[in-house]
Every structure is written in C-alpha cells, then in structure tokens.
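The values are calculated or read from the model by the stated rules, or taken from the named source; none is laboratory data. The structure displayed is predicted, hence computed values, not measured ones. Heads up, the Cβs are rebuilt from the backbone with ideal geometry, glycines too, and the neighbour counts pull from every protein chain shown.
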Amino acid sequence: MLIEFTVKNYRSIKERQSFSMVKAKGNELENTNSFLPETPGSIALLRSAAIYGANAAGKSNIIRAMMDMESIVRNSASSQQEGDDIPVTPFLFSETWASEPTEFEIVFISEGIRYQFGFCANKAQITEEWLIAYPKGRPQRWYSRAFNKNKNVSEYKFSDYLLGQKSVWQAATRKNALFLSTAIQLNSDQLKPVFNWFKEVLRPANVGGWGPGFTASLCDKENTRAQVLEFLRAADFDIHDIRIDKEKFDPDTLPDDFPASVREKLIKEMKGKELIDIKTIHKTESGSLIPLDFEEESDGTQKFFSFAGPWLDVLKNGYVLVIDELHDNLHPKMVQYLVSLFHSSKTNPKNAQLIFTTHETWILSQDNFRRDQIWFCEKDDQQATSLYPLTDFSPRKDRENIGLGYLSGRYGALPFVRTFDLEANKNGV
C-alpha cells in the first residue's frame, strides 16, 4: 500500500514534489474510495488518484520517477556492474541543479508494517540512503548512509533494530548500488518486506507497453479464462471465447533475408520459448462461432485485452498500479469502468491502489472521485514541474463541477494556446 511518494531534481522536477494517497477530511465516497489499513497507528488511504495537466507539464515524469526508483531498488546490486550509470536524470535547465543528486523517497506498508525508504543519487553513485520502520507505530531508524566528500567514502549508521551481518553487507555495497539491494542479495530476511514491496507490489507501467502475453497465459486455464472473458464482456466487448494456440519457436521459420546480427539476437532471445497465437471467437446471428486473428481486432480491443490480465492480477493481489496516459485509445466509459473496479470491495477485496495520469475530463466528477483523489501538474516560467492537489482550492463538496472548473482554468494545469497566424509565419514575422 502506497502512502506517499516524493521526488526532487528529476527531469522537469526541480524542487521537492510530494504525492499523497492519504485520505483527507470529508466523508464523501468514504466507504468505496478509501480504506483503513490493518497496521499499528494506521491512517485511512485512498484506493485511486488521478493526475491531470497539460502536455509536457511533467505528469509522465512523476510516473517515470516511480519507475526509475523501482528499477534502481530491484537492479542496482544484481544487474549493474561497477562503473555502470545509475538511471537518473536531474533537472537540466539550471547549471546548479544539474550537478546535484536526484532524491527519491517513498512511504508504504508491506506485510503490515509501515516503512519510509529513500535515497539520493547521481549517475555515478548513491550519495545518501535511509530506512525508517514503524513496526509498532513509532519510528525506528534502521540505517542511514551518506557520502563524505572529504574522505571519499560512504559513512553508515546502523541501529540495533537492524539485525544481521551489517558490516559484511556494507563492505559488499558498491558506490553505485543500494545497501538495501545488496543486503537482500546477501540474504537479509529482515529487509525482504521492503525489497519485495518494490519487486512485487509496486507496478509502474505504461498502457502501451503491455503486450497480450500475460492475458493470454491466463486464458490457458478455464477459471482464469472465464474471468478475462467476464472482464471484457462487462466492458461491452462482444467476444464469446478466446483460443490460445502454442508452438515451439523454430529458427528455420525466419525469413532468409533477415540480417545476420538480428537473426542471431532473435534466436538467442527466443531459445526454448513458445510462440502464441491468439484467436477471439465471435458468435454470429445464427449461433455459429467465427474465429478472428488477434491482429484483426481493433487497436482498442487489442489494448484492452492486453491489460485485462495485469488489471485482474493487480486487483486480485492488492498491488499498487501506476499508469501513464490511462485514457490512451480508450473511450471515457472504459476509463470510468476500469477505475470503478478499484472502488468496490467486491472487485478490490485486498485494497489495491490505482494511480494514473490522464487528459480525460469526462470522469473528472465528484460522482467518481473524492476531492483528495485529484491532482494537477503544471510548469512554471523556469520550466519546472509543480504537483498539487485539488484540495488546495477547497472546492465545495457535492456542489462544484470539477471538470468544468478545470477546463475553465480555475485550478491551472492547462495548456496556454496562442493564436497561430500562417501568413505571419510565412513572412518570417
């Protein structure tokens, strides 16, 4: 469960920006759109949140920041080697900020305990790292790390709350790797709930980046295929059944005119894997069944099928799904349907959370969201992104038209569109 995410000096983000899933005051949609975690000293959290803003305002960078933080936690000790760059990009429109490290911090609940984990990094090294746990509702700083420029070493502070071979883990931690990730590689059981939250629970993604493979794998089994079909039918996709055919990859089927380097790479990647052929089954007026190749379906149908599986998986397991541009190629009703699944205890029994960016204002309504579930992004005159909640404007409960207010400029975060004069540009004016 995500509580709060903070990022500083990352791409278009200069000053520290914080995004919160903490429920604010107000009892609107309280029983559907919020929940109370079963943890010591817990506070009510939100089941979803939407981020609005103009193109290039920095919405996607909020999502990318979460993706990069997750990637660094998962891979810095296992996949990166000494000297490899850390995947961070600072705010580049200021010489001062461009030379400073990027900062990430996230507060979350894993296995019933609240944690606060963060780090600062430039491309060459981790400059700071810290972990605070709240096992009984009170803070315990398990460790911290800071780079000492004068001594050219990272200095660590450990508390007695952190158990295990701390000196061994410290010695094994490279300058471009996280201590957390290294300790997990060296079998720290105590830190597993922290690492596993990034590895298993946090699911940052782009809708366009999902292929149909995972959904197709669910269709191999009768019960999960039935769930996928019900998911599609509820969204008004007239698909009677799904058929999945598999065959082993055969290098001999590749065209002869394939470049040798591409051919070799593809053979290496596909060795031992299966190719899947997806067919959607439609019923005619007379009741006959007609199979269609997956590629014959519309782009919207293909896209919806592709994330049906991941969507169901997130809801079933209580994951945190973070998506950029949820509205892409989807009808507003489809977006509303997808979001509504997170707002029902029946379809979301484990309190999965959804965070998404969108331009779709049709669902921007107090019928769909609490006021604390809506956020905005905009850039200032220094090209720096600011992130702020709708609650900063104190909109009237159940009375204010949020969508109309946004489009009229009441909350900012709109593009400023100037008059374009073709003749003036043609003459070089």
**Complete:** Given (1) among the charged types (D, E, K, R); (2) within 25 Å of A49 (Cα to Cα); (3) assigned to a loop (DSSP other than H, G, I, E, B), D313 misses just (3)
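Yes/no per residue for (1) in contact (Cβ under 8 Å) with a residue 24 or more places away in the chain; (2) crowded, with 16+ Cβ neighbours inside 10 Å; (3) over 22 Å from D68 (Cα atoms):
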| site | (1), (2), (3) |
| --- | --- |
| I132 | no, yes, no |
| G137 | yes, no, yes |
| R141 | no, no, yes |
| S144 | no, yes, no |
| N152 | no, no, yes |
| F158 | no, yes, yes |
| S167 | no, no, yes |
**Item:** Hits in the range 212-239 (condition: surrounded by 13 or more Cβ atoms within 10 Å (Cβ to Cβ) and not in a helix (DSSP H, G or I))
**Value:** P212, C219, A235, F237, I239
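Residues checked against (1) on the phi < 0 side of the Ramachandran plot; (2) surrounded by 18 or more Cβ atoms within 10 Å (Cβ to Cβ); (3) of a type in the set (D, E); (4) in the same structural domain as E360 (by TED's automatic domain parsing):
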residue	(1), (2), (3), (4)
L46	yes, yes, no, yes
Y52	yes, yes, no, yes
I62	yes, yes, no, yes
V73	yes, yes, no, yes
I86	yes, yes, no, yes
F93	yes, no, no, yes
S99	yes, no, no, yes
E105	yes, yes, yes, yes
F108	yes, yes, no, yes
**Request:** Kindly provide the set of residues from the range 20-44 that are under 17 Å from the mean Cα position of the chain (by Cα) and crowded, with 21+ Cβ neighbours inside 10 Å, ordered by number.
**Result:** M21
**Message:** Which numbered condition in (1) modelled with pLDDT under 85; (2) surrounded by 11 or more Cβ atoms within 10 Å (Cβ to Cβ) is the only one that E423 fails?
**Reply:** (2)
**Message:** So T357 ticks every box in (1) surrounded by 21 or more Cβ atoms within 10 Å (Cβ to Cβ); (2) within 16 Å of the chain's Cα centre (by Cα); (3) over 28 Å from K397 (Cβ atoms) but one. Which box is left unticked?
**Reply:** (3)
**Set V201, V194: member being touching a residue at least 40 places away in the same chain (Cβ under 8 Å), within 22 Å of the chain's Cα centre (by Cα) and closer than 15 Å to Q116 by Cα** = V194
